[in-house]
Amino acid sequence: MNAPTPPRRKLSLKQRHALLTRGLGWDTTYQPMDKVFPYDRFEGIRIHDWDAWEDPFRLTMDSYWKIQAEKERKLYAVIDSFAQNNGQFGLTDARYLNAVKLFLQGVTPLEYMAHRHFAHVARHLRGVGPRVAAQMQSIDELRHAQTQIHTISHYNKYFDGFHDWRHMYDRVWYLSVPKSFFEDAVTAGPFEFLIAVSFAFEYVLTNLLFVPFMSGAAYNGDLATVTFGFSAQSDESRHMTFGLEVMKFLLEQDEANVPIIQRWIDKWFWRGYRLLSLVSMMMDYMLPKKVMSWAEAWEMYYEESGGALFADLARYGIRPPKHAGVATKEKTRLSHEVWCIFYNYTHAAAFHTWDVDTEHKDWLAQKYPDTFDRLYRPRLDLWAEQAASGQRFYNNALPQLCTTCQIPMGFTEPDDPTTICFRNTEFAGERYHFCSDGCKDVFDPEPQKYVQSWLPVHQIFQGHCGGAGMEDVLRWYNLNVGVDNMDYAGSPEHRQWVDWMRGRRIAAE
Amino acid sequence: MTTRDVSLTLNVTPESPALVAAIEADNPQARISRFPSMIKIDCPGRLVVHRQSVSERLGREWEVQEMQLQMISLSGNLDEDDDFFAVAWR
Amino acid sequence: MSVTAIGDYRFAPRDAQANFHGNIVVYLHWEGHNSFCAALAFPLPPDMPFGAILSDLLPTCYGSHPDWAKIDWNAATWTLDGAPFTPDPARAIGAQGIGHKSLLRFWTPGLDGVGGSRS
Amino acid sequence: MTIEIQSEAITPRRHTFGNLARRFGEDRPASRYEEATADLQPTDNFHYRPLWDPAHAIFDQDRTAIRMADWYAFADPRQFYYGTWTISRAGMIQTAERNLKLIGQRGLFDAVAPVWRQTIADYLIPLRHYEWGANMNNLRICDEGYGTQITSAAGFCAADRLGLAQHISLIGLALDGGQGDSLDTAKTAWLDAAHWQGVRRLVEDSLVVDDWFELFVAQNLAMDGVLHPLVFDRFEEEGMARGAVALPLGCAFVADWRADIGKWVDAIIRIATAESEANRALLSGWYRAWRDRAAEAAAPLAAHVLDTDGAAACAQIVADLDTLAARLGIETEAGA
């Protein structure tokens, strides 16, 4: 007997994907499932049927490898060519790179953290579908970290502030903002992590970082950054879809999940939004040529896209994030308040700020007609005058930090942009301070978590940061004093840029 | 049908003109906004990319999973199979 | 409310007063002058007289502002941790209710920052 | 656009990142592998303890009993970062696809005697579940391990194992004409067939191992070191003798992958045993325990396919594995 195999049938993408993924898992019997999967129950999320999970992208490893290899070949061709051709000379201005410094110092480590923790989620959820999506995301995130390092490696050779980004991430005051954000997420249970990172951050908020800012990189001649940015973002659209699917899946599994998830949405919207306030400064102040203002980006990517999203989720009983209205009120002041913080403390930062020129101020006035001339132009003018007379303003004392977001407490009352917003709470006999109701609302339900916050200013006072003097602390940061920090005007990389541009004129003649 | 917008943002590549042309042809209500290195497409309710339409305009067989090389952001629920790629609000 | 964890989850607060080598952390904020981006934080000995804050500490921090020299300290008003407060320059800060991580805000009437911008 | 600038003006201010210059003892250009892995994992000043593991910090050397002076001693001889890894795998999988296509076009499985076709379905296709277990275990190493060099390579290894599981599934589809029945049958066998229960128990026991480095030894050295040669060398030889030329063709991807992953696994074990006698003792103990359990688990499967030759085949595989392990610094016999 030599029976031939049955006639071949072409499988659709959906069928092929289902066959190649869904059946892989099984219910263990030699070891209890709760021991094999110890972490997916304690948060109180109820899952009745993991098979109800729908994979929006039907990607198997064979297609994954082919698509991703294609992306990598293209990206590294650009990175190589950028380095060989000294692409830095095509930038609009070297000041622009200060935004890229902040990116390498503060965003690349988050990509890495996401890599590690998506591996955790991919191991520890009971359902095969989300585990496959999570593990692809895990290696994607490693890709993002590594391609960012490889791209920026070229800038590190010629510019300051890039050279010790990883050392700085664990230590420098403003980097404890992204660090504490992501450590908050990875120390949460797997479902909260997914709502925090896949939904609130990837789906609702990261567009604001990766889309308009990267377009701005292109506009400012940074072909290297826009290439890794958009190449990463092409993975990101897969991650966003995963985030939305996680959300809908959890909501559909059990009504009891709804209030838990609503609380996480409220918390992580605010956590993510506060983190992105750094991006508002990058967009409005650090791009020499601008694509759109922070307020416009917020309208396009939060108010419109987020509005449609939350309208869609309303049928599950989900409402928009509790403090989204405050974020919208803040859109015309956020970048100015954050720039103020970094202008105050540029002597302690591994990137430069500078006095804003008139053309740029006029652009800000046009984009922020209700606030800029009234509230912010006078302070920029004052600083410029002080700098012109050789008295560039640096704040001599350390700032009060918000216990939750860890940003200096420079944000104003939702209905009064002239008065700093102070909130506080008491827990177990200790006082804790917050920049906003949003940050206080993160602390209050989980005080045992946030009493652990490693607040840089307090750590300096406790003697854990190299010494009591500013110079001691900066040395502990591995910051090259007088090179990485201080105003851009007169900095070594400013002088270098001026030399280069002079050389370019000579070469052209 | 709902009129809330869905949206796709595409990276500008040598292939994006064909992709955008296919999208415009298949989604008469689509609105195209161009930015440095990116193109944002908004459309009420649903936006679909047909394999056939893109293939015709590219002059080669285009696979739906190649969207992953082009797309940098989206807003809406995704549905993907061999012949189409769609984002929609329900 | 309490955190939802898989086991016992209690940790000593990282910023307990005992960790500051005898000091307390005090925050000070000059209202209406937001070119100083945030309240300032200082580790201070609780037996330090309040007057030293005004004479030694704040001028080095705020002195660069054109309004600083114009302050009439008799007209200034204060809050301590949200409640009205009248500081006594001669007494120790710890003896007049200023504790670890206390917040002192002060208003200087008539001084509204550069060009009235609260900056 | 190329812009001419006088060349003396564009001397680099530094050649690499500070962490690498400190490791090298000099500021010299680093390789992409070095830049992509060295010191990437945060090490200090963690804010919060995990709600799911309050006893440990986010990244914590105490999640294993192995001690290393420098966790970045685990250089990957393949020097994989994401780009080199994914391009390497894309090349392997394209060859694999061509092979599967050839098998389908030429009906190569049709040429195999039906009894042996059944045997292939019995021993090969359920292995997709074994690979899924290996995927989970390497994800855990990636999650709980310390230092990017070992954890990133474990992450790649995990993805590889998902790729292997899916490739084995595709062989199943090639066997059953694309219907997927072979996958259902294989799952039933994995769950119920007597000859698979040893292996399934082995996998499930590995899923609950506490120490991630023990898990590395269990999965990537001991379990793979017994199961893979048994299935992909010994069974394949047997199949070839029955005309199953489709087997080496269909499984070429696995063969390529085993040659590749072996370089990494061997390097890790060699470096860890060389670090200290204490490490060597731990690793050796883990190796012996998991080798013995893997051999015991594989015995019924070997007997199912090779009948009375099964025991000898297993003994030979274990002997070969011992030879390899000894070369890597493992004491393969207790008290030796």
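The values are calculated or read from the model by the stated rules, or taken from the named source; none is laboratory data. Since this is a predicted model, take the numbers as computed values, not measurements. No Cβ is skipped: glycine too gets one built from the backbone with ideal geometry, and neighbour counts run over all protein chains shown. Ligands, DNA and RNA are stripped out before the accessible areas are found, and what is left, the full protein with its side chains, is counted by its heavy atoms. Shrake-Rupley method; radii C 1.70, N 1.55, O 1.52, S 1.80 Å.
Overview of values
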quantity	calculated
Some residue of region A:75-88 being open to solvent by less than 60 Å² (accessible area, probe 1.4 Å), within 11 Å of chain D (Cβ to nearest Cβ), modelled with pLDDT under 95 and part of a loop (DSSP other than H, G, I, E, B)	yes
Residue tally, condition open to solvent by 10 Å² or more (accessible area, probe 1.4 Å) and not in a helix (DSSP H, G or I), over region A:194-222	1
Unique match (being within 11 Å of chain D (Cβ to nearest Cβ) and without any contact (Cβ under 8 Å) to a residue 12 or more places away in the chain) among A:ASP170, A:ASP184	A:ASP170
Failed criterion for A:TYR450 (all others in (1) within 30 Å of C:GLY7 (Cα to Cα); (2) surrounded by fewer than 23 Cβ atoms within 10 Å (Cβ to Cβ); (3) at the interface with another protein chain (Cβ under 8 Å from one of its Cβ atoms) hold)	(2)
Odd one out for C:VAL3, checked against (1) assigned to a strand (DSSP E or B); (2) at the interface with chain A (Cβ under 7 Å from one of its Cβ atoms); (3) of a type in the set (A, V, I, L, M)	(1)
Spans of strands (runs of 3 or more DSSP E) in region B:1-83 with at least 1 residues of a type outside the set (A, V, I, L, M) and open to solvent by less than 10 Å² (accessible area, probe 1.4 Å)	B:5-11, B:38-44, B:71-75, B:77-80
Residues within region D:228-264 that are open to solvent by 50 Å² or more (accessible area, probe 1.4 Å), touching a Phe, Trp or Tyr at 6+ places or on another chain (Cβ under 9 Å) and among the charged types (D, E, K, R), tallied	2
Entirely in region A:289-386, the helices (runs of 4 or more DSSP H) that have 2 or more residues that are under 24 Å from the mean Cα position of the chain (by Cα) and closer than 21 Å to A:SER491 by Cα	A:334-344
Odd one out for A:GLN459, checked against (1) touching a residue at least 12 places away in the same chain (Cβ under 8 Å); (2) of a type outside the set (Lys, Arg); (3) within 14 Å of chain C (Cβ to nearest Cβ); (4) more than 18 Å from A:ASN344 (Cα to Cα)	(1)
Residue in region A:209-216 that is touching a Pro at 6+ places or on another chain (Cβ under 6 Å) and at negative phi present	yes
Flag for A:VAL473 being part of a helix (DSSP H, G or I), surrounded by 15 or more Cβ atoms within 10 Å (Cβ to Cβ) and either at pLDDT 95 or above or more than 11 Å from every other protein chain (Cβ to nearest Cβ) (or both)	yes
Check on A:ASP487, at pLDDT 95 or above and open to solvent by 40 Å² or more (accessible area, probe 1.4 Å)	no
Strands (runs of 3 or more DSSP E) fully within region C:8-119 counting 1 or more residues that are farther than 25 Å from A:THR403 by Cα	C:77-80
Evaluation of A:ARG271 against (1) more than 14 Å from chain B (Cβ to nearest Cβ); (2) surrounded by fewer than 19 Cβ atoms within 10 Å (Cβ to Cβ); (3) of a type in the set (Lys, Arg) (one fails), failing number	(2)
Enumeration of residues in region A:22-39 that are more than 8 Å from chain D (Cβ to nearest Cβ) and among the charged types (D, E, K, R)	A:ARG22, A:ASP27, A:ASP34
Meets criteria (facing chain A (nearest Cβ under 8 Å), buried (at least 24 other Cβ atoms within 10 Å of the Cβ) and within 25 Å of the chain's Cα centre (by Cα)) for D:ALA158	yes
Residue check, A:ARG392 within 12 Å of another protein chain (Cβ to nearest Cβ), basic (Lys, Arg) and within 30 Å of A:LEU474 (Cβ to Cβ)	yes
Subset of region D:323-336 (residues that are open to solvent by less than 30 Å² (accessible area, probe 1.4 Å) and not in a loop (DSSP other than H, G, I, E, B))	D:ALA325
Failed condition for D:ARG13, given (1) more than 30 Å from A:ILE506 (Cβ to Cβ); (2) surrounded by 15 or more Cβ atoms within 10 Å (Cβ to Cβ)	(1)
Positions within region A:133-154 being facing chain D (nearest Cβ under 8 Å) and among the hydroxyl-bearing types (Ser, Thr, Tyr), in sequence order	A:SER138, A:THR147, A:SER153
Residue ID - nearest to A:ASP140 (Cα to Cα), chosen from residues in region D:21-37 that are more than 7 Å from every other protein chain (Cβ to nearest Cβ) and buried (at least 21 other Cβ atoms within 10 Å of the Cβ)	D:THR37
Whichever residue in region A:118-134 is part of a helix (DSSP H, G or I) and open to solvent by 10 Å² or more (accessible area, probe 1.4 Å) and, among such residues, is nearest to A:HIS239 (Cα to Cα)	A:ALA133
D:ALA267 being part of a helix (DSSP H, G or I), more than 23 Å from D:ALA174 (Cα to Cα) and open to solvent by 30 Å² or more (accessible area, probe 1.4 Å)	no
Top-ranked residue of region D:152-206 - restricted to ones that are among the acidic types (Asp, Glu) and touching a residue at least 60 places away in the same chain (Cβ under 8 Å), ranked as nearest to D:TYR82 (Cα to Cα)	D:ASP160
